[in-house]
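All remarks here apply to the structure that follows.
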Amino acid sequence: MKMSNFDKLLRPILDLANREDVTRRSATEAMAREFKLSPSEIEQRIPSGSATFINNRSGWAMTFLTKAGLISKIAPKTYRTTDRGREFLAKYPNEITVADLETIPGWEEAWTTKKKRRQAADIGESVSLPDSKATPHEKIAKEVFALDAELRERLLTAIVDQSPAFFERLVLDVLIAMGYGGSREDAAEHLGRAGDEGIDGRINQDSLGLDQILVQAKRYRPDRPVDRKEIQAFIGSLAGQGVAKGIFITTSGFAGSAHEFVLRGSATKIILVDGEKLIDLMLRHNIGVRVVERYDIKEIDQNYFNEGE
């Protein structure tokens with residue numbers, strides 16, 4: 001088995017998820033047995049050294065199956081074959097390839113976030129070009145796009161799987177990394193506990209704490225938007241503590257009525273940060289993520305060769 005090709009893992013993992021609930025770890029171990037990998041093959045690592053080939057390929061196979069709607073998450077880190085997945089197993093009894101997944105309606109949309117779908121058309125066109133017609137730069141853009149989409153989804157899932165207290169601390173870490181308050185020790189206070197009046201954190205914008213920002217963090221599922229009533233209650237909590245600035249952060253989104261209420265204008269300044277924006281900020285400031293590979297793409301410096309001009 002060539003570990004550079006994860007097409008071979010798609011059907012075995014889908015079949016495994018149809019027989020038992022699977023995690024990325026259990027799928028990796030099962031695929032090592034399925035393809036009778038030797039200990040040295042199991043330990044072989046991808047060029048960056050950040051993961052073994054079998055772990056990397058099994059993880060990507062599960063991502064592709066999830067994007068195709070053939071497996072779905074049923075519990076933290078745990079997946080099971082869907083009805084569509086069982087139909088696919090019957091339709092493709094021998095092998096499933098990425099080309100087969102690409103025939104599924106909504107395949108391309110599954111890889112794009114709402115934010116990506118709103119971006120300029122040239123990005124989308126680059127990503128959707130067939131490899132046979134794409135330039136090397138366009139192929140790189142396509143792969144980076146796929147890596148980014150996969151990371152964003154896994155990052156949001158990891159956040160939702162944590163406790164509310166973890167999320168409240170994460171939010172303060174993000175705000176401090178953005179430059180609010182300076183450091184956790186002298187500028188941020190985690191308040192989330194009984195009697196906090198809906199306030200989960202406090203950021204001091206100066207060393208004496210004369211100017212403060214109060215924070216509310218809601219770890220909601222993507223299908224559970226924050227509504228106007230919650231924003232109204234948050235503003236009431238700020239008023240009760242004599243603070244005029246607040247940040248409301250959620251892993252989901254905000255209902256239209258919540259946005260409208262904030263835009264009406266009042267003495268209290270409220271910033272709304274949804275799940276997509278939160279992931280943007282975490283990636284920008286390296287909160288919960290780390291760089292595992294970096295490539296420099298170079299081109300000729302024409303000015304260097306135009307000495308006579």
task = Please give the number of the condition L283 fails out of (1) closer than 18 Å to T157 by Cβ; (2) part of a loop (DSSP other than H, G, I, E, B).
result = (2)
key: Conditions (1) closer than 24 Å to F254 by Cβ; (2) at pLDDT below 85; number of the one not met by Q232   = (2)
inquiry  = If G49 meets every condition in (1) without any contact (Cβ under 8 Å) to a residue 12 or more places away in the chain; (2) farther than 29 Å from R86 by Cβ; (3) not in a loop (DSSP other than H, G, I, E, B) apart from one, which number is that one?
reply    = (3)
message = Just checking, does region 105-125 include any residue being among the acidic types (D, E), touching a Leu at 6+ places or on another chain (Cβ under 8 Å), modelled with pLDDT under 90 and not in a loop (DSSP other than H, G, I, E, B)?
response = no
message = Would you confirm, using the coordinates I've provided, whether G242 is in a loop (DSSP other than H, G, I, E, B), out of contact with any helix residue (DSSP H, G or I) (no Cβ under 7 Å at 6 or more places or on another chain) and closer than 24 Å to R169 by Cα?
response = yes
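The values are calculated or read from the model by the stated rules, or taken from the named source; none is laboratory data. This is a predicted model, so every value here is computed, not measured. Neighbour counts run over all protein chains shown; Cβ positions are idealised from the backbone, glycine included.
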